[in-house]
Structures are given as C-alpha cells and as structure tokens.
C-alpha cells in the first residue's frame, strides 16, 4: 500500500484505467483525495461503508466523511503533513471513527498512502478503510484492561488510572467525553475522573443521591444507569453540546452499586449500539479501579483514625497540633486529655467485647458534649484527647467541668450499670507548651497527677511542668548513658543499734556525678528514673553493686553486718526477682542475712498474687525485707501482718519535731510498739540531735539512722568511719 500509484488526471478519475478498475473491486473501502482535499475516487466498498453514492461525494471535501467534531481541524492537519511531513500519516495503520450518511459513527482501521500524479508530481492521498468488528473492539478493551492492571500494580495514583481509562476511551470513540463516578456510603455520586466533562453537568451529577429504588434497579439492570445520569438532565446536556449517553452501573464484589461509567457524545444523529458494548466492556476494570480506590481510602483512614470510636488517632492529633502551633499570629488553644479510671476492672469483669461497648458509649457521649469545631482523638485504650481551638483557660476549665458532670452518668452495658470516672489533664498553648509533643506530654503529666492524687477531677499543667518535662528529657537521656557506662555510685549511710551503739548495717543510696552537669540530687534523678522507666535498671544495678561491695569490705577486714537496698514497686511484680537475688548471693558467696531489700508502701498496697509470691520467695531465701517510710502513705495494719517483713522504718518526717510534738511522739511510740510485738526490727530515720537520740532510746527503738551518726559515705570513707569509732 505504500508504493506510489500513477493515476490519470482527476477529470478522468472514474473513466476506467486499469489501475482504477483494480481499486474499484477492492474489498476495503478506497478513497482518494486531491491537493485540495477533495474526493476524486470512492469505490463500491466505500459506498457500502458510508451509505453515500460516488456522485454524492466526488468533488466534495473529505471532511464530510468524518464526525462533526473532527471536521474543522482536518484540512489544517493534512496541509501540515503535505508541507512538513510532521505527524506523518503515510504508511501507518490506526483506528479512527467515521460518520455515515445517517449520522452513525463507524469505527474503522485506516491506512494511508501517498500518490504522485504526473506530470507535475502533485501529492494525492489514497486511504484504505476496513470496518472494525466486535473482535477488534474486544482486543482494544483487552489492551486497555492490561494497561489498567499494570498501572494499579505500581504506585500510580488511582485518580491518574481513572483519567487514563477515560482518555483512552475518548480516543477510541472520538467526539465523546467519558466520566467515571463513585457511589459513596451515603449513596451520593462523586466524580473520580472526567477532565473534559462540562462543570455544570458535573455539579449536577454530584448533587445526585441515589434512592433505594435506584440502587435496587441498578443492581438488577446495570445498563439502565443512563436513566440516572442522563434522562433527568437531558436538557442541560443538550445546552452544553452533549447529544447521547451510554452508561452502566458498576457492582462491587459485596453486591452493591459502587460506581457508574458513562460516555457522552457530542455528535448529533443516531446512537450506535456498538458504543454500548464498549461501555459495558469497560465496567469490569473500572470496578477494580473503584475497589482499589476504596481500599486505599480505607488504609489512609486507618492510618489517621481509631477504628472503634472514629476519632483521630494519636499520630493524626500530633500532626493537627503541629499545624495549629505553626499558625501565624497570636492564637490560643487547649489540649484536654481524659483517662478512664479503673478501666481494666471493666475489661476483666465484663470482658473486652463489653469493654469496647463501654468505650463506644463514652466516646459518643464525649462527642455530644463537645462543640462542632472541637477535634476528638483517642490516644490509647482508655485515653482520649480533645483539642479546643481558639480557647483560653477559663473556657477549657468550663469544658472540663462539663465533662466531669456529663461523662459520669451511668452507662448500661447489658443491664450492668457502670458509672464512669475520668481524670483530666489540660495544657494550654502557648502558656504551658511550645510544640505538639510538649502539649500532649504536659496534659498527660497533669492527668497522671490527677489519677494519683485526686481521681475524677482535673488539673491544668503549669510552666513549671514544662521545665520538669525538659528535665526528664535531658536528664533521662544522660541517665541512660550513665547507666550504660557504669557511672552511678552507691554511698552508704550507717545504721546504729540503739542499745550497743554498734553498727547494725548500712543503707545503700544512689549518687550521681555527671561530668558536665555536676552532682545531681537523688530526689531529682530518681524522679526522672521513675518517669522514664529506668528505676528498675538502677535497682538491679544497686543489688549487684551492694553484693560486690560487701565482698570488697570483707577482704579489707571491714565488717558490715547487712546492706539495705531500695527497689522499686515494679521489681516486685517480676517473678524472676528472687532468682536474680539468689544468683547474686551465690555468685559473690554472701550469706542471705547480710542483704536486706527495702520495699515501699505502694508494694504493700499491691496485694496481687505475683507480688505476694515474690515477697515470700525473697524471705524464703533468708534475705531481709524492710518497709521503708512507714506511716507516710496508706499503710494498713492488717496488711502489715500478712507481709513477711523483718523490719519497718519510721520516716524522718515523724522525727523532725520529735522533741516538741506530742503527736509525733505518740505515733513513734505506737509504731515502735507494733514492730516489737510483731517481731520486727524498728529503724528510725532522720536522727540529727542528741535529744532525738535520747527520746528514741527511752522508747526502746531498735536502730537509728541519721546525720547525728553520719551522712551517706563512699565505701572507703565508711571504712574510715568504722575505724574511728
């Protein structure tokens, strides 16, 4: 077809040369145009294809055979090719759309050859046109489907894949515009792709909310979707240059209408049925695109929202707060953190499924109590965050009071009426925190203090809390490095037997000298260790260091009867603690009675089975157990009798005014008496004067400890102290 044909002059084009007779009998439609783009040859196959007779087309511009939307640009396109060869059309085969005499669109395969006419060598064009069958349509759709699936397997945006589908169909069916629309959970249309679609028509479609009757009808007859997107908007479509519509509903794997694919034609005239088959052929891979879109939307939703309550998760709250903090100008907002008191009891008593029902009910109640512009979040199992934009402290306090009243009404969970209790912490921007991390952290710190001191109330974080948070951050990091490098030290404060004046034992106390920060008070770094979860590491290190030091003193001829080591409450919830102590005793060859473990009253209050088992296992080893700071917390005498204690320590707060305070004397006398009757050694801390010492001796206190005898000493200094006595 690419070879040049020598034809007679145009005026004899139908007169009957051999070449023309050969072309006349060709099975494909043959059309030849002259230098003016007028038709000079039109064979019988072309007559059958277009429905025109030769006499109807000879001498007319070839654009009459094209769809109306392509006619205006056709002459310019051919002229550019004649002059420059750019976008060459010669020697190529491609699919194109024609329009027959009745206005019906005809898909066909077109091949064009250049024809030079003697004697001047004028360039004519010869076009060979073959009608495309349904098999060709299927091949085209299959190629498009494969392209779509390959695109979905990459990180290509779903929007771009949808645009690709619409663009390819618009190319395949010229003078049309394709639209892919979603049907959301509220049964409203949402256009996913339709770049060439008139905006007014798009706005009309996106106002559609499908009724249940519409949904049922489309499920039964997906091809009736044009009744939804066209019949009611026919007049609008005509006014915007649209004349026909082919549409089909897209059904999801769950058996619901998930979308609609529609193709609108700008060409007036008849409505070819083959275009309906093209639209129907697009539905399967359009359905895959919509399902992929829904899946990615769901994943994005999970990344930002809590699945149980529908509130934002902690990460999304952080991102929102960062935007709030970064806004220019003078603005204020509040961060309110709520924690459910005793939520673990609800889960254990009613089960986790009912616990979830309780949380959902509480979340719905929280939503009703909040204003529409408040941002609700869930940061953990039993914690919620509310961000109050454009809010100052007084309004935040008012909201907290409303929560304490509104959230604490009984909730019915399967006829179990549960009265919620919440503890609330509040931080304010910019007063108490300069960034999102600080604001959430300070609100959480305030909430934890409420839970510890007054559950069921609220507390506002202060600028001092921010300083403490910075302290935890800086010291926590430094403390971790110090522990890793073994730079903590133990000092030992002597404990003296009241009757003999001899050394009863020593209490091991952690000391920290940082190369850059200097000496850091125990009250400061122990609080940081508790807040950052490093207190257990300090306790374990103290046990081993104390055992090592006992052996070192023994080798130097210094006899220290027993060393008391403070452990945190967390240690006593670990069933492996007795085994750890037993290993250390055997490793260093120390008698168990030379080691005493001090517990706090919080351990005394924690009467779960694991804690009690650990305490009894330690006593079984022969290691002493001492109750530290007795009387400062919530000590219960009944619990005191059930613990395997060997000694109790009276807190220094009772000794400070012992000489002048009758109440302090009465309490001290009572504790000494209780300890004596229970067979426990009573140690009194904070003894600083001879008068205190004399009073305690008169009350038959067993052991005294305090600056009257010695401050805490490094190991070498303790040996010198013993020698000096």
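Derivation of every value follows stated rules applied to the coordinates shown; laboratory data play no part. Predicted, not measured: the structure shown is a model, and the values here were computed from it. Quick reminder, even Gly has a Cβ in these numbers, built from the backbone with ideal geometry, and neighbours come from all protein chains shown.
Of note:
- Packing rank of 435-442, 662-669, where each peptide gets the mean count of other beta carbons within 10 Å, highest leading: 435-442, 662-669
- For percent of Cα pairs over 36 Å apart, the value computed from the atomic coordinates appears in the list (1) 59; (2) 66; (3) 44 under label (2).
- Burial order of peptide ranges 101-112, 382-393 (average beta-carbon count within 10 Å, highest first): 382-393, 101-112
- Gyration tensor (alpha-carbon) shape descriptor, segment 482-724, a/c threshold 1.5: rounded
- Centre-to-centre, using Cα atoms only, segment 300-323 and segment 342-368 are separated by 20 Å.
- Whole-angstrom gap from segment 525-601 to segment 641-700, using each part's C-alpha centre: 25
- FRET E, pair residue 392, residue 252, Förster distance 45 Å, beta-carbon r, rounded to 0.05: 0.40
- Segment 271-417: C-alpha gyration tensor shape, a/c 1.5 cut-off, then a/b vs b/c: oblate
- Approximating the spin labels as points 7 Å out from Cα along Cα→Cβ, the residue 200-to-residue 342 distance works out to 6.7 nm.
- Taking the number of Cβ atoms within 10 Å of each Cβ as an exposure proxy, the fewest-first ranking of 421, 186 is 186, 421.
- Cα gyration tensor shape of segment 136-304, rounded if a/c is under 1.5, else prolate or oblate by comparing a/b with b/c: oblate
- Alpha-carbon centroids, segment 153-181 and segment 405-435: separation in whole Å: 50
- In the chain, the DSSP-assigned H stretches of four residues or longer account for a calculated mean residue ellipticity at 222 nm of -14000 deg cm²/dmol, using -39500 (n - 2.57) per stretch and the full residue count as denominator.
- Packing-based ranking of 34-40, 609-615 yields 34-40, 609-615, ordered from highest to lowest mean Cβ neighbour count within 10 Å.
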